[in-house]
Amino acid sequence: MKSTLVTHKTLWHALIITLVAAFAGMVQAQAEPGDSPQLPGAVDVRIIVDISGSMKQNDPQNLRRPAVRLLARLLPDGATSGVWTFGQYVNMLVPHREVNDAWRDMAIAQSDAINSVAMRTNLGAAIETASDGYFTGGILSNTHFIVLTDGKVDISRNPSANKAEANRILDTLVPPLKQQGARFHAVALSAEADSEFLRRLAADSNGSFHVAENADDLSRAFLDAFNAAVPQEQTPIDDDGFMVDAGVTEYTALIFWGDSETSANRTLALKAPGAAAATLQQHPDNIRWAREPGYDLITVTDPVAGRWILDGQLGQGSRVSVVSDLRMIVSPIPGTFSIEEPLAIRVRLFDGNEPITNADFLSVLTVNLTLAHEDGRRGTKLLSEQSPPADGVYRYNIAEMPTAGQYQVVVEARSSTFARKFSGTTRFEPAAGAEVSAANAPLFAPEIDAANPFKTATPTEPEPQPNTAPAVDEAPAPEPAGEPVAEVKPVIEPVAEPEPAEPKSADSAIAPWMIAAGAGALLVLALLIWLLLRKRKNTDEIDAETNAEVNVKAEAAAPVPAPEVAAVPVITDIDEPENVLELSPDDLIEPEIEPEPAAEPVVDETPVPTIEPLPEETMPLVKPEEGDPEPLAFDDDFELSFPDDELEATLAEPEELADDELGLDDLDLSEFDDLPGAEVEKGAEKDTSPEPKKTPDNDPKK
């Protein structure tokens, strides 16, 4: 019974632990859904460059060369990459290899071979060649294709053949690659490029689409495509400088030239904290400085912590990427988003390989999300306005924008000694049939530009309107003539209210996780209760079986009366003279003899000792002597031929023993006289055997 109580106590403890774990799982499911940002793995980038003859007009200075060299220098160690050029035919310009200093030097040298002499634009053949699974063992899960072209698919003089080839690329060639995880980032150079085809190529593979209006914008467009494939962790540039924290082991400053600058008048200096300015012509050994048409690329290893100053013009798109154990990771930005497929912003900081959840560290951070439309309008949302998230992940969902088009997404995290930045591009696609804003209508109200220029998709957004309605109604009451003010305030209120409603939006997205966790906890609880009841039932059954066994053993412990019960009827019958006949002494003995066969296994009769024959191995062998006849050999066909009359006479006449031979009478068999049945056997022997010959008393044998 004590063990049963212990088992029940153990089950109750297990039940309590399970409920606590289920509750923790619900909290974890609420705090950390499956879309939390993770550290990226090794990336595979394959660059495909158009070298058709039309590039002579669209890229007369061949700025594709410095653009390719820029990507080669920015690719991180451990990545894999290759460069292909295509026209009518496809050529592997730089072999697909692991990225290291040797590969970068080869790519920079081979970039001079990029030209504009090809006859056609056979993009399909280029994709087929570059997507060969041989390079990565058939795995394309983290492969990004950066495609640059200035025209349309052109494989023949027949327009129908060209259109069929374009459809083949989109409908047959790309879908299997997308299923393997490959993404295409298309760059259209000039207005002559088939932007619709390239945009669909990117959208169908969840990639990105970029336009370079002219060759001068090519490096920036290439950089945006590269940043979509390999997001760069940056430190923000403020005015003329940037902050480097103690955890940075290396940084690379990409500084684009100003609009009016050329290689002849370009000037730029970099000043470290407390040090002299470094230039292209004169800089320390820990600085590598490369100048290409349109940009300067400066890499500094083991930089001094503090604020660095850039003395010179900073063109649009300039950035400083850093290498550090302290990282800010943002979830991948899709090429497009819509109401049906919202843009999910997830931000998480890592120290090495571990996510940062320290509330003391996160509480001093300011995390901002900024969206900038392609027409220049922008707005910022504060993600860290509340207490730090328990799992360290900042979340925000964007499902609707007031205007379709290209948007730049910028996330910044800052403290007094730390700063990180992320940037990417995406495009908002309104739903089919949605109303489009008028061309001359303001995108945002003036009051909204500084606060929050975009809307969040949340079902709770209409709910605050009834609560704010009295405030709006009361406001116009003292100012009946202020109708324009009354019109502005309703616009401000609905947009300002979604900020506190944002957590509800996030919670609503996580509700299925909570429901699943709660259902799992209830299921476990029901299972444990069933097991507890089952255990108690089994214990009762075991106790009952134990009691039954004890009773059986108690009955079996007194088996002595059992044989007496069998003899009782006999004695009872004898005691009843009216039912029992008179028995003679011989008859009374008979019942005593009859039970003996049943008791035979119990009676142990002494067996007659017999002389066991020795095994053949132990029997002594008698070797024949010289002169002895050879033993006869018999086979299966042997027949004994002996006259019958001689055989009978021989058997009838006893053979007389020689003087030196012993007979049966010579043996003393008196020791066997006391054996059971010996007298009977002797008597039988006297009756059947002939009388033995008497031996004289003076016979020496006697």
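Taken as a whole, the condition of being more than 16 Å from L201 (Cβ to Cβ) and part of a strand (DSSP E or B) does not apply to R157.
Given the structure, is T249 of a type in the set (V, I, T), under 30 Å from D311 (Cβ atoms), assigned by TED's automatic domain parsing to the domain that holds D302 and without any contact (Cβ under 8 Å) to a residue 12 or more places away in the chain? So T249 does not fit the description; no.
Okay, residues lined up against (1) under 27 Å from S54 (Cα atoms); (2) surrounded by 18 or more Cβ atoms within 10 Å (Cβ to Cβ); (3) in contact (Cβ under 8 Å) with a residue 12 or more places away in the chain; (4) not polar (S, T, N, Q):
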| position | (1), (2), (3), (4) |
| --- | --- |
| K178 | no, no, yes, yes |
| A182 | no, yes, yes, yes |
| L189 | yes, yes, yes, yes |
| E192 | yes, no, yes, yes |
| A225 | yes, yes, yes, yes |
| Q232 | no, yes, yes, no |
| I237 | no, yes, yes, yes |
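Taking the stretch 322-380 as the region of interest, the strands (runs of 3 or more DSSP E) fully inside it that hold 1 or more residues being of a type in the set (D, E, K, R) and more than 20 Å from S416 (Cβ to Cβ) are 343-351.
Residues checked against (1) in contact with an Asp or Glu (Cβ under 8 Å, 6 or more places away or on another chain); (2) outside any strand (DSSP E or B):
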{"residue": "K178", "(1), (2)": "yes, yes"}
{"residue": "H185", "(1), (2)": "no, no"}
{"residue": "A188", "(1), (2)": "yes, no"}
{"residue": "R220", "(1), (2)": "no, yes"}
{"residue": "L223", "(1), (2)": "no, yes"}
{"residue": "Q232", "(1), (2)": "no, yes"}
{"residue": "E250", "(1), (2)": "yes, no"}
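Report yes if D311 is out of contact with any Lys or Arg (no Cβ under 6 Å at 6 or more places or on another chain) and either surrounded by fewer than 16 Cβ atoms within 10 Å (Cβ to Cβ) or modelled with pLDDT under 95 (or both), otherwise no. Reasoning before the result, please.
Values: out of contact with any Lys or Arg (no Cβ under 6 Å at 6 or more places or on another chain): yes; either surrounded by fewer than 16 Cβ atoms within 10 Å (Cβ to Cβ) or modelled with pLDDT under 95 (or both): yes.
Answer is yes for this residue.
Taking each residue of the stretch 100-118 that is in the same structural domain as V49 (by TED's automatic domain parsing) and loosely packed, with under 12 Cβ neighbours inside 10 Å and looking for partners that are β-branched (V, I, T) and outside any helix (DSSP H, G or I) with beta-carbon atoms closer than 8 Å, six or more apart or interchain, yields V117/I51.
Name the single residue, out of those in the stretch 156-178 being of a type outside the set (D, E, K, R) and in contact with a Leu (Cβ under 9 Å, 6 or more places away or on another chain), that is nearest to V43 (Cα to Cα). Spell out how you get there, then give the answer.
First, the residues of the stretch 156-178 that are of a type outside the set (D, E, K, R): 156, 158-162, 164, 166-167, 169-170, 172-177.
Imposing the further condition that a residue be in contact with a Leu (Cβ under 9 Å, 6 or more places away or on another chain) reduces the set to 166, 169-170, 174, 177.
Details: A166: 28, I169: 24, L170: 24, V174: 19, L177: 16 Å.
Ranking the candidates gives L177 first.
Of the residues making up the stretch 136-193, those that are modelled with pLDDT of 90 or more and among the hydroxyl-bearing types (S, T, Y) are T143, T149, S156, S160, T172. Of all the listed residues (L63, L75, L93), the sole one being surrounded by 15 or more Cβ atoms within 10 Å (Cβ to Cβ), touching a helix residue (DSSP H, G or I) at 6+ places or on another chain (Cβ under 8 Å), closer than 21 Å to T299 by Cα and not assigned by TED's automatic domain parsing to the domain that holds R348 is L75. Answer yes if at least one residue in the stretch 32-49 is more than 36 Å from the chain's Cα centre (by Cα) and part of a strand (DSSP E or B), and no otherwise. Yes, the stretch 32-49 contains a residue that is more than 36 Å from the chain's Cα centre (by Cα) and part of a strand (DSSP E or B). Among the residues of the stretch 356-392, those that are of a type in the set (D, E) and either surrounded by fewer than 16 Cβ atoms within 10 Å (Cβ to Cβ) or free of Cβ contacts under 8 Å to residues at least 40 places away in the same chain (or both) comprise D360, E374, D375, E385. Residue pairs whose Cβ atoms lie under 7 Å apart, sitting 6 or more positions apart in sequence or on different chains, and linking a residue in the stretch 409-420 that is farther than 22 Å from P334 by Cβ to a partner that is surrounded by fewer than 18 Cβ atoms within 10 Å (Cβ to Cβ) and among the β-branched types (V, I, T), are R414/T366; S415/V364. Flag not set for R73, criterion: modelled with pLDDT of 95 or more, among the basic types (K, R) and closer than 30 Å to D154 by Cβ.
The values are calculated or read from the model by the stated rules, or taken from the named source; none is laboratory data. Everything numeric in this text was worked out from a predicted model, so none of it was measured. Because the Cβ atoms are built from the backbone with ideal geometry, glycine has one as well, and the counts that use them run over all protein chains shown.
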